[in-house]
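Here is the structure we will look at.
The values are calculated or read from the model by the stated rules, or taken from the named source; none is laboratory data. Just so we're clear, the structure is a prediction, and the values are computed from it rather than from any experiment. We place every Cβ from the backbone using ideal geometry, glycine too, and count neighbours over all the protein chains shown. What goes into the accessible areas is simple: the full protein's heavy atoms, side chains included, and nothing from ligands, DNA or RNA. Shrake-Rupley method; radii C 1.70, N 1.55, O 1.52, S 1.80 Å.
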Amino acid sequence: MIVFFGIKKKNFAYNAYTVMQCPKCGKETKHYLMLQKRAFTVFFIPLIPLGTRKYLVCEECRSVTKVSNFPPKDRVIISTGAERKD
Amino acid sequence: MRAKWFIFILGITAILASPAISATEITGDYRHTGTIPQDDFVIYHINMTKPGKILDVTVTASDPVDFYLLTEKELSQYMFSDAFAYEDYSENTTTYHWRGTGDYYLVIDNANVSVSGAMSHGPVNYTIVAKLEDKGIYDTLVDSAAYLVCGTLIVIAAATTFWLYKKPKIEEVLK
């Protein structure tokens, strides 16, 4: 019997951002918050939630930086309230 | 004209009824030893229409013969057409542990009805030992557990899918 298993990732983009220096391009730009949920799948059906990760996406170079704490303590968070499309 | 119709209907009825007439009924414990002539077959009818029946059957034959476990529809195909489907098939010795619901027919076939399968070279002695019993408490529990596990998995899958695709509000994220 063949069993297909894997990890399904679902990204959610938010309009909340912080201004910081991008680790990749080095520019001081807006970094938007992105949330990623992950689940273990069997036959492409998600069965076990594997948690949520937070990322910051650089507005200039689109590079993604993983963050453990959001909002960062020394950064200003700006949220317009209107949510971005996924 | 009426006589012709009468003979026609009688003939059709005889053809349709023939499998049921020639089939031996298996109920409870059954043991039989017999001989099947060349190019002939025997049919055993197993009534499992009442849910919860289990059939344990072992058939041994002195020479290769074909064993088929058929439904009513498949038996009609077997009797009246070249091609037929079957639930299970084997040669020589066969053992079935069957839990289906409905009417089933065990055919021991010493005829060359299909291209593949055992070739008939002469009469074959066979022994059939069958037991038709109600499903025990263990089997009932196993079936219930299987349904319970499947149901739980479906609920978990639905809950996880909901969790995965639901976008958290920004306020929850920023907490």
Six or more apart or on different chains, Cβ under 7 Å: which pairs go from a residue in the stretch B:154-175 that's more than 7 Å from chain A (Cβ to nearest Cβ) to one that's assigned to a helix (DSSP H, G or I) and open to solvent by less than 100 Å² (accessible area, probe 1.4 Å)? Could you list them? none
Count of the stretch B:54-76 residues which are crowded, with 19+ Cβ neighbours inside 10 Å and modelled with pLDDT under 80: 1
Got at least one residue in the stretch A:23-32 being farther than 24 Å from residue B:175 by Cβ, free of Cβ contacts under 8 Å to residues at least 24 places away in the same chain and not in a strand (DSSP E or B)? yes
If we scan the stretch A:6-18, do we find a residue that is modelled with pLDDT of 85 or more and assigned to a loop (DSSP other than H, G, I, E, B)? no
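Would a scan of the stretch B:77-94 turn up a residue that is open to solvent by 20 Å² or more (accessible area, probe 1.4 Å) and at pLDDT 80 or above?
Yes, the conditions are met somewhere in the stretch B:77-94.
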Consider residue A:11 against the criteria (1) within 14 Å of another protein chain (Cβ to nearest Cβ); (2) without any contact (Cβ under 8 Å) to a residue 60 or more places away in the chain; (3) open to solvent by 50 Å² or more (accessible area, probe 1.4 Å): it satisfies all of them except one. Which criterion is unmet? (2)
Give the residue that is surrounded by the fewest Cβ atoms within 10 Å (Cβ to Cβ), with candidates limited to residues of the stretch B:118-153 that are of a type in the set (Ser, Thr, Tyr) and more than 13 Å from every other protein chain (Cβ to nearest Cβ). B:138
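Can you find, within the stretch A:14-35, the residue that is nearest to residue B:156 (Cα to Cα) among those that are under 11 Å from the mean Cα position of the chain (by Cα) and open to solvent by less than 30 Å² (accessible area, probe 1.4 Å)?
Step one: list which residues in the stretch A:14-35 are under 11 Å from the mean Cα position of the chain (by Cα), which gives A:14, A:31-35.
Now drop any that are not open to solvent by less than 30 Å² (accessible area, probe 1.4 Å), which leaves A:14, A:31-33, A:35.
Values: A:14: 28, A:31: 35, A:32: 32, A:33: 29, A:35: 22 Å.
Residue satisfying both the conditions and the ranking: A:35.
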Is it the case that the stretch B:135-157 has a residue that's under 20 Å from residue B:30 (Cα atoms) and under 22 Å from the mean Cα position of the chain (by Cα)? yes
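Among what's in the stretch A:36-48 and is part of a strand (DSSP E or B) and open to solvent by 70 Å² or more (accessible area, probe 1.4 Å), pick the residue that is farthest from the other protein chains (Cβ to nearest Cβ). Break it down stepwise before answering.
Taking the stretch A:36-48 as the starting set, the residues that turn out to be part of a strand (DSSP E or B) are A:36-42, A:45-48.
Of the ones still in play, those that are also open to solvent by 70 Å² or more (accessible area, probe 1.4 Å) are A:45, A:48.
Numbers: A:45: 5, A:48: 7 Å.
The extreme case among them is A:48.
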Quick check, is residue B:106 in contact with a strand residue (DSSP E or B) (Cβ under 8 Å, 6 or more places away or on another chain), of a type outside the set (Asp, Glu), at pLDDT 80 or above and assigned to a helix (DSSP H, G or I)? no
